[in-house]
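The values are calculated or read from the model by the stated rules, or taken from the named source; none is laboratory data. Only a predicted model underlies this, so the values are computations on that prediction, with no experimental measurement involved. Here the Cβ positions follow ideal geometry from the backbone for every residue, glycine too, while neighbour counts run over all protein chains shown. The area values use the complete protein model at the heavy-atom level, side chains included, leaving out ligands, DNA and RNA. Shrake-Rupley method; radii C 1.70, N 1.55, O 1.52, S 1.80 Å.
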Amino acid sequence: MRPLLHALFIVVAALAVLTCGLSAGPIPAEFKQNGFAIGCQAYSFNRYSVMEAIEKTAEAGGKVIEFYPGQKLTKEDPKAVWNHHASDEVVAKVEAKLKEHGIKAVNYGVVGVGDGKSEAEAKTEWRQIFEFAKRLGLYGITTEDVSRLDIIEPLVKEFDIRVGIHDHPRRANDPNYRVWDPLYILEVTKNRDARIGACADTGHWQTSGLDPLYCIKTLKGRVISSHLKDKTEIGGGQHDVPYGTGVGRIGNILDELKKQGFEGNISVEYEYNWEHSVPEIKQCIDFVKAHGK
């Protein structure tokens, strides 16, 4: 019996290792500043490549980055793009660049599967997205693909990778677009796994005429990650400004996130002054690092 028990032990141990490998786990403390995993959404640098976005995130003082699908990989080869179909070789190059600059990839999005795909095709692609996230050791994935939550939820449980539903501004001519409303996000996630919630884009809430602090409080317990923005005003005509210089109540939002025990990433997605935004993004990151001290 002893050889048989020994063999069973080896099998169980191997399965445990495989199971652990599927878990992204929390964002390590070494990549947090003042209690927050603060860094950049690579979309802030969409005029540049993935490699340059990593460099600029480090220059701005961030320690984490959120990638998005479709960004060119390098400035030398603009035809090569970065997404969840990347080869192991490409992933290794990006990981080496992250390591070089002391940056951790923590999130990926906004990503989804096109409406024209069948359920089988959607299942296949969503599995590819989660496998890509696992390879990079991501904390979360960002999407607006709410119609596919029945496909997404089992993958959340299998991979232990969180999913945040992102909000763009409300669309006056499209009443079917509802993810701008935090009450709708609560509605579609209330009976779902706790690892499914909101990617809180506070700037888009402001564009929709909403108070971002109210929205964060409304989503208590369901804030997975944030595209944190400060803007010049509530409503139309505004643009991004460094944290603390607009009407976004950034300090109050940070306090509320801490109160809620928020463990996700905060991505500075700075959609203004595109070519020369690093100094302003650095101001945002410095604000988070200094808040409450």
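Observations
- The stretch 28-62, residues that are open to solvent by 10 Å² or more (accessible area, probe 1.4 Å) and under 18 Å from residue 224 (Cβ atoms): 28, 31, 32, 35, 43
- Residue under evaluation residue 126, criteria (1) touching a residue at least 12 places away in the same chain (Cβ under 8 Å); (2) closer than 23 Å to residue 278 by Cβ, criterion not met: (2)
- The residues of the stretch 137-183 that are in contact with a strand residue (DSSP E or B) (Cβ under 9 Å, 6 or more places away or on another chain) and assigned to a helix (DSSP H, G or I), listed by number, are 146, 149, 152, 153, 155, 156, 182.
- Residues of the stretch 78-108 that are small (Gly, Ala, Ser), more than 17 Å from the chain's Cα centre (by Cα) and closer than 25 Å to residue 126 by Cα: 80, 86, 87, 92.
- Checking the stated criteria, residue 120 turns out not to satisfy the condition of being surrounded by 14 or more Cβ atoms within 10 Å (Cβ to Cβ), within 16 Å of residue 155 (Cα to Cα), modelled with pLDDT of 95 or more and out of contact with any Asp or Glu (no Cβ under 8 Å at 6 or more places or on another chain).
- Screening 247, 223 for residues that are under 16 Å from residue 165 (Cα atoms) and of a type in the set (Val, Ile, Thr) leaves exactly one candidate, 223.
- Any chance residue 99 is modelled with pLDDT of 95 or more, assigned to a helix (DSSP H, G or I), under 27 Å from residue 284 (Cβ atoms) and open to solvent by 30 Å² or more (accessible area, probe 1.4 Å): yes
- Test: residue in the stretch 249-262 that is within 23 Å of residue 68 (Cβ to Cβ), in a helix (DSSP H, G or I) and of a type in the set (Phe, Trp, Tyr): no
- Taking every residue in the stretch 263-283 that is of a type in the set (Val, Ile, Thr) and pairing it with any residue that is surrounded by fewer than 17 Cβ atoms within 10 Å (Cβ to Cβ) and not in a loop (DSSP other than H, G, I, E, B), at least 6 positions away or on another chain, the pairs with Cβ-Cβ distances below 8 Å are 278/59.
- Flag for residue 75 being surrounded by 19 or more Cβ atoms within 10 Å (Cβ to Cβ) and either of a type in the set (Lys, Arg) or under 17 Å from the mean Cα position of the chain (by Cα) (or both): no
- Checking residue 221 against (1) outside any helix (DSSP H, G or I); (2) crowded, with 17+ Cβ neighbours inside 10 Å, the condition it does not meet: (2)
- In the stretch 37-96, the residues that are under 17 Å from residue 141 (Cβ atoms) and in a loop (DSSP other than H, G, I, E, B): 68, 69, 70, 83, 84, 85, 86
- Residue that is surrounded by the fewest Cβ atoms within 10 Å (Cβ to Cβ), among those in the stretch 239-280 that are of a type outside the set (Ser, Thr, Tyr), in contact with a strand residue (DSSP E or B) (Cβ under 9 Å, 6 or more places away or on another chain) and farther than 25 Å from residue 219 by Cβ: 273
- Taken over the stretch 263-286, the residue count meeting the criterion of being touching a Pro at 6+ places or on another chain (Cβ under 7 Å) and assigned to a helix (DSSP H, G or I) is 3.
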